[in-house]
Amino acid sequence: MVLTLQRQLIVGLLLSGLLVSLPVAAQRYRSPEGQPYSQNGRSTPRGVDLDSTVERIRRETGGRVLHAETMENDGHQEHRVRIITDHGKVRRYRIDAGSGRSLSPRD
């Protein structure tokens with residue numbers, strides 16, 4: 001009985017640690033020139049950087065950031081951000097990196 005409680009405590013602590021470490025994917029990375037890096041390592045000299053986009057979406061939704069990256073799609077840079085809401089629902093956002101315009105929120 002005591003061993004089972006200890007296992008449950010250890011598993012609970014490990015899962016808590018995993019949940020706390022999930023937002024690490026959205027950490028800030030900057031080039032030596034101070035420009036934010038995109039996921040592929042290139043900086044975005046103009047437009048809306050990934051950090052600003054992530055912060056805006058996090059503030060608007062109140063959710064936690066699970067993942068954020070900048071990708072090229074049809075010759076245009078776009079930020080993709082994945083958020084988990086307080087209700088446990090995962091929402092995906094696509095934002096044009098040049099204009100900051102929402103391309104399509106996806107559930």
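The values are calculated or read from the model by the stated rules, or taken from the named source; none is laboratory data. Everything quoted here is computed from the prediction, not taken from an experiment. Ideal geometry is used to build each Cβ from the backbone, glycine not excepted, and the neighbour counts take in all protein chains shown.
Quick one: which of 3, 15, 66, 22 is under 28 Å from residue 87 (Cα atoms), at pLDDT 65 or above and part of a helix (DSSP H, G or I)?
After ruling out the rest, the residue left standing is 15.
For residue 87, are the conditions met, namely being surrounded by fewer than 19 Cβ atoms within 10 Å (Cβ to Cβ) and either touching a His at 6+ places or on another chain (Cβ under 9 Å) or over 19 Å from residue 20 (Cα atoms) (or both)? Quick ask: steps written out before the conclusion?
Working: surrounded by fewer than 19 Cβ atoms within 10 Å (Cβ to Cβ): yes; either touching a His at 6+ places or on another chain (Cβ under 9 Å) or over 19 Å from residue 20 (Cα atoms) (or both): no.
It is false that residue 87 is surrounded by fewer than 19 Cβ atoms within 10 Å (Cβ to Cβ) and either touching a His at 6+ places or on another chain (Cβ under 9 Å) or over 19 Å from residue 20 (Cα atoms) (or both).
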> Can you name the residue in region 39-54 that is loosely packed, with under 14 Cβ neighbours inside 10 Å and either farther than 12 Å from residue 71 by Cα or of a type in the set (S, T, N, Q) (or both) and is also modelled with the lowest pLDDT among such residues?
Replying inline: 40
>> I'm told residue 104 meets every condition in (1) of a type in the set (S, T, N, Q); (2) in a helix (DSSP H, G or I); (3) modelled with pLDDT of 70 or more except one. Can you identify the failing condition by its number?
In response: (2)
